[in-house]
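The values are calculated or read from the model by the stated rules, or taken from the named source; none is laboratory data. Keep in mind it's a predicted model, so treat the numbers as computed, not measured. We place every Cβ from the backbone using ideal geometry, glycine too, and count neighbours over all the protein chains shown.
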Amino acid sequence: MTLSFWATAYLALVVVAVFCAWRAVREARTPQGSVGWVVFLLSVPVFAVPAYLIFGQYRLKGVVVARRDTAKIIAAIGKYSARRRPEALSKAEYGPFEAAAQLPVLRGNAASLLIDGRAAFDAMFSAIDEAERYVLVQFYILRHDGLGRALRDRLIAARKRGVEVYVSYDHLGSLALKNTFRQSLLDAGIRLAEPRRSQGVAFRFSLNYRNHRKTVIVDGKRGFTGGLNVGDEYLGLDPDMGDWRDTHVSLRGPVVAQLQLVFAEDWHFSTGDLIVDDLDWRPGMQAENMVGLIVATGPVDDFDSGSMFYFASISRAKTRVWLASPYFVPDLDTLSALKHAALRGVEVRILIPDLADNRIPWLAAYAYCDELRDAGVQIWRFEAGFMHQKVVLVDDDYAAVGTTNLDNRSFRLNFEAMAVFFDTAFATQVEAMLIRDFDRSSLSRKSLGDQPLGIRVGAPIARLFAPIL
């Protein structure tokens, strides 16, 4: 009787696994993802079926609804920006980026780098202290530590001055956030997107989709985004990680309205509240007149917009493309674009950390290095602490800073945002910063076969998980 029960249960599990495998074939974003899921589901359904229910879903209908409901913002920004597009707009130059962003390239912006945590949080805290109407805050990780409490205290002080404050964080990245921290924000009258409550039962089935964006907006006039989360380690205070090398960017001009639009859509998805009428959509023109846009990507886009962003950036390079990312697990399109650029004489440099904060993607990166070096790509390893920045520099007139890593998770599973500028002055800032980083790095020359045994064995295995890394 017992044997019959377990046999029936296993047969039912196999049926579910076959159904999930069929869904994976139909819905997975890449052929590699389809094959990986099918093999996993049919070979070990006991483990694979629960994993697929958590990690294998590829659409989030709620965000699609949010975008439909915020269409009036896009229309308003469209009217505002129609007179602010670059005079010599080239479809070949900007088209792929506008398609990935679903937003226009605009002039009239100003951007400046904020290098490392102290500079970035000093600037963000100063802006919050000067807020008059509202503050929008969104981070992937929000911790109840020294830096987290410093942010909390400033937000509470702003609320006491009559400033409206909106705070959002990712449900997985901030899973350890204490309830007392959240309650102190609520008690102060701060509006909080509580993902654990707002998504209810669906929460456990949305773990694969992470909102990786880091955004602060003040009064619709000043914006900040980049690689930094809220935690003491981002100030270099974690003895295990050492110095924390990261980059944020301070924004003014029309791109702030675009960044604000992204926040409003995320807020609507998390809470169901449409806050667009409470926000200021007139960011003002800046004398620097930089041409740029916010490329916000995610799993609800019609195509793989995160991958398209990197492919378009690499493809436009004529003399150089320098990329900095803490994780390097590229998809096949990006891998081909990097090799193709190097083979046509472009100087291709990839800067990744020598120190690991996440062992599996760190190992997987080694599996790609040999074929890239054979094509002429330079792999540099940052050795002065842990490097977490996400930065792109192409030729002398294009640069981007934001949250998108060079991995499949950022390309297809995370909600990300990059501040992109077609501007020589900003590119010069980024060049100077990266040169200093390369000075603290070493050019990697060892093949995988010459690495220690743990890396030789672990790298190919880790690469098998590339579709979800």
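I'm trying to understand the selection: among the residues of region 14-63, which are modelled with pLDDT of 65 or more, closer than 23 Å to PHE415 by Cα and hydrophobic (A, V, I, L, M, F, W, C)?
ALA24, TRP37, ALA51, LEU53
Restrict the check to region 359-372 and report whether at least one residue is among the charged types (D, E, K, R), in a loop (DSSP other than H, G, I, E, B) and either touching a strand residue (DSSP E or B) at 6+ places or on another chain (Cβ under 8 Å) or not assigned by TED's automatic domain parsing to the domain that holds ALA257 (or both).
Checking region 359-372: not a single residue is among the charged types (D, E, K, R), in a loop (DSSP other than H, G, I, E, B) and either touching a strand residue (DSSP E or B) at 6+ places or on another chain (Cβ under 8 Å) or not assigned by TED's automatic domain parsing to the domain that holds ALA257 (or both).
Give the residue that is farthest from PHE386 (Cα to Cα), with candidates limited to residues of region 235-278 that are touching a helix residue (DSSP H, G or I) at 6+ places or on another chain (Cβ under 6 Å) and of a type in the set (Phe, Trp, Tyr).
Checked region 235-278; the qualifying residue farthest from PHE386 (Cα to Cα) is PHE269.
Mind listing just one residue for me: the one in region 155-177 that is surrounded by fewer than 12 Cβ atoms within 10 Å (Cβ to Cβ) and among the basic types (Lys, Arg) and, of those, farthest from ALA193 (Cα to Cα)?
Looking at the filtered set, the residue picked out is ARG161.
Taking SER313 as meeting all but one of (1) modelled with pLDDT under 95; (2) outside any loop (DSSP other than H, G, I, E, B); (3) of a type outside the set (A, V, I, L, M, F, W, C), write down the number of the exception.
(1)
Quickly run through region 238-252 and pick out the residues that are in a loop (DSSP other than H, G, I, E, B) and either of a type in the set (Gly, Ala, Ser) or more than 17 Å from the chain's Cα centre (by Cα) (or both).
Of everything in region 238-252, those that are in a loop (DSSP other than H, G, I, E, B) and either of a type in the set (Gly, Ala, Ser) or more than 17 Å from the chain's Cα centre (by Cα) (or both) turn out to be ASP238, PRO239, ASP240, MET241, GLY242, ASP243.
Name the pairs: first residue in region 346-357 and on the phi < 0 side of the Ramachandran plot, second residue modelled with pLDDT of 95 or more and outside any strand (DSSP E or B), Cβ to Cβ under 6 Å, at least 6 apart or on different chains?
VAL346/ALA317; VAL348/LEU338; VAL348/ALA341; VAL348/ALA342; VAL348/VAL377; PRO353/PRO326; ASP354/GLU383
Does VAL457 qualify as being in a strand (DSSP E or B) and not acidic (Asp, Glu)?
For VAL457, the condition - in a strand (DSSP E or B) and not acidic (Asp, Glu) - is not met.
Okay, residues lined up against (1) at pLDDT below 95; (2) charged (D, E, K, R); (3) more than 24 Å from ASP407 (Cβ to Cβ):
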{"site": "ASP273", "(1), (2), (3)": "yes, yes, yes"}
{"site": "MET290", "(1), (2), (3)": "no, no, yes"}
{"site": "THR297", "(1), (2), (3)": "yes, no, no"}
{"site": "SER307", "(1), (2), (3)": "yes, no, no"}
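Is it true that some residue in region 108-118 is modelled with pLDDT under 95 and over 17 Å from GLN258 (Cβ atoms)?
No, because not a single residue in region 108-118 is modelled with pLDDT under 95 and over 17 Å from GLN258 (Cβ atoms).
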